[in-house]
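Colleague: Handing you a structure now.
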Amino acid sequence: MVNTRTVVYLFSVATLVTALLVIAAHYLRRARRSSRNDWEKLLKRLIAVDRSSIAEVALDIIDESGQQRRDEGSATLDAAQIWKLVGGLDGLEVLAANCAVLIDLAFYVQQWYPEALLVTEQMRLSAREIQWHVERLRGAKKTGKLESAFPMYAQRAVATYYLMTRRILALYELGNHVMLADLERTL
Amino acid sequence: MHLTDLDLLLWTAGFGAHLILFCVLLIRRRYREFPIFSAFIFSNIVRTVALFFVQQHGSKASYFYTFWSLGLLDTGLQLAVVYEMYSHTFRPFGRWARDIRDTLSWLLVATIVVAAGLTCLAAPPVRLWMQAVVIKCNFFSSVCLTELFVGMVVLAVKSGLPWKSHVARISQGLGVYSGIDLLIETGHSYFGAVRHTQVYAVLSHFRMTAYLVCVAYWIVMLWRNAPEPRKLPDSLRGQLIRLQRSANSDLEKIRVRK
């Protein structure tokens, strides 16, 4: 005779096993896809962004070398301007999606030269930070605080993205000039 | 304790497979990279030998206590192997990557809570309280290992930290085996060790066979060498170091701004 406790137990285990299987299959497929990436496929995943807008938002708080600006002309963009230049939350989502591709691009280089880990790890952390900023903005949108939260988080995310793309370009400049031309066109 | 021919066959095959795997770890010098995994394999060899002698010359009680004491050690080492695989993947520079520390803590807590909850729900029909403890402990560890394996896959993909070749092979073997073991331990919990002793034995044989396949997979994969990395040219190395130095301060400067 099967009692209620046993039914709950079996149902719970079945639910857990199913959930674990689905999650594992989904992420293993993603991992496999990443490892099979080639240069062309990676570039196709990048979504075109307005590079001048990104630079304008980023260079409002940092200079070309990545140093934080402290002069009087820094941090002059207001919330509405940043919102417009970034393209709102959708624009940030595009940057977040491109971050994932940038990690794969860096990983692609690492496949040739594993010693490039130092740089790729920095890229990875930058991309993760942008994802974190986007998550915070999503949360702010849900709670109706997007307008006040957007400038603070979005500008940091854009600045991080800007620096990261520069680093990726520098990395490819060092390693492969033919690929660099493709990358510059896309980014 | 009566052992059938199938029991003896699986026992011998397991001993031989572990011996071969341990030789592979020594000959290919994998023990340097995976000391805990090597210790786990070595402990299985010692365990088999110890149990064989206790079974031949000891009492039923001494076999029981030796079996379960070594079983606990085995479970502990399996969890330590998981730690070693996590360590190889998520500590790229010898430190836990800072973006995954919190997630790792939550994963660990969630794993233990879910496994403990399910273990509490299990009510295997048994004659002795010790049998219930044994069945529940096995179930708990199989849930933990399976969850940690899936958690590792998710974390590695989400964080963009790739598995190295041999880490991936060891993890996949242990992960798939843990998943199968979870189903088998669920069966053990459901059927218990009173009326369905035949079912209990069949499930145990199935578990041992699955583990043998896993060990065979490890033997082949750990014998093979990982793909050769290309040599980083000195000029590129110098430029990368300079690039890295400037990159290090980038994020800090952005974070400071309020």
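The values are calculated or read from the model by the stated rules, or taken from the named source; none is laboratory data. Quantities reported herein were computed from a predicted structural model and do not represent experimental measurements. FYI the Cβ positions are ideal-geometry reconstructions off the backbone, even for glycines, and counts take in every protein chain you see.
Colleague: Those residues that are crowded, with 19+ Cβ neighbours inside 10 Å and part of a helix (DSSP H, G or I), I need them from segment B:160-171; list them, please.
Modeller: B:His166, B:Val167, B:Ala168, B:Ile170, B:Ser171
Colleague: From the list B:Val157, B:Val176, B:Val143, exactly one residue is assigned to a helix (DSSP H, G or I), closer than 22 Å to A:Arg33 by Cβ and under 12 Å from the mean Cα position of the chain (by Cα). Which is it?
Modeller: Details: B:Val157 fails: under 12 Å from the mean Cα position of the chain (by Cα); B:Val143 fails: closer than 22 Å to A:Arg33 by Cβ.
Just a single option satisfies the conditions, and that option is B:Val176.
Colleague: Condition check: of a type outside the set (Lys, Arg) and either more than 28 Å from B:Ser43 (Cα to Cα) or more than 14 Å from chain A (Cβ to nearest Cβ) (or both). Does B:Val114 satisfy that?
Modeller: Taking the combined requirement at face value, the residue satisfies it.
Colleague: Follow-up. In segment B:168-190, what count of residues is obtained for those that are at pLDDT below 90 and more than 11 Å from every other protein chain (Cβ to nearest Cβ)?
Modeller: Qualifying residue count for the region: 1.
Colleague: Next question. In segment B:179-212, which residues are assigned to a helix (DSSP H, G or I) and either closer than 19 Å to A:Leu21 by Cβ or among the basic types (Lys, Arg) (or both)?
Modeller: B:Gly179, B:Ile180, B:Asp181, B:Leu182, B:Leu183, B:Ile184, B:Glu185, B:Thr186, B:Gly187, B:Phe206, B:Arg207, B:Ala210
Colleague: Does segment B:110-130 hold any residues that are surrounded by fewer than 11 Cβ atoms within 10 Å (Cβ to Cβ), assigned to a helix (DSSP H, G or I) and modelled with pLDDT under 95, and which are they?
Modeller: B:Trp129
Colleague: Oh, and also: Can you find even one residue in segment B:94-109 that is among the aromatic types (Phe, Trp, Tyr), within 25 Å of A:Gln122 (Cβ to Cβ) and touching a residue at least 24 places away in the same chain (Cβ under 8 Å)?
Modeller: No, that holds for no residue.
Colleague: A further question follows. Do any helices (runs of 4 or more DSSP H) entirely within segment A:1-88 hold 1 or more residues that are within 14 Å of another protein chain (Cβ to nearest Cβ), modelled with pLDDT of 80 or more and within 30 Å of B:Phe139 (Cα to Cα), and if so, which?
Modeller: So the answer is A:4-35.
Colleague: Then there is this: Scan segment B:139-161 for residues that are touching a residue at least 60 places away in the same chain (Cβ under 8 Å) and of a type outside the set (A, V, I, L, M) and jot them down.
Modeller: Those that are touching a residue at least 60 places away in the same chain (Cβ under 8 Å) and of a type outside the set (A, V, I, L, M): B:Ser141, B:Cys144, B:Phe149, B:Ser159.
Colleague: Within segment B:157-167, how many residues are modelled with pLDDT of 85 or more and polar (S, T, N, Q)?
Modeller: 0
Colleague: Check B:Ser69 against each of (1) at pLDDT 85 or above; (2) within 25 Å of B:His188 (Cβ to Cβ); (3) surrounded by fewer than 17 Cβ atoms within 10 Å (Cβ to Cβ) and name the one condition it does not meet.
Modeller: Answer for B:Ser69: the failing condition is (1).
Colleague: So, one more: Between residues in segment B:198-226 that are among the aromatic types (Phe, Trp, Tyr) and residues that are modelled with pLDDT of 90 or more and not in a helix (DSSP H, G or I), which pairs lie under 9 Å by C-beta distance while being six or more apart or on different chains?
Modeller: The qualifying pairs are B:Trp223/B:Arg28.
Colleague: Still on this structure, please answer the following. If we keep just the residues of segment B:72-94 that are among the small types (Gly, Ala, Ser) and at pLDDT 85 or above, which is surrounded by the most Cβ atoms within 10 Å (Cβ to Cβ)?
Modeller: Among those that are among the small types (Gly, Ala, Ser) and at pLDDT 85 or above, it is B:Ala80.
Colleague: Something else: When you go through B:Val143, B:Val154 one by one, which is the residue that is surrounded by 23 or more Cβ atoms within 10 Å (Cβ to Cβ), at the interface with another protein chain (Cβ under 10 Å from one of its Cβ atoms), closer than 20 Å to A:Thr15 by Cα and modelled with pLDDT of 85 or more? Let's see the steps before the verdict.
Modeller: Details: B:Val154 fails: surrounded by 23 or more Cβ atoms within 10 Å (Cβ to Cβ).
When all the criteria are applied, what remains is B:Val143.
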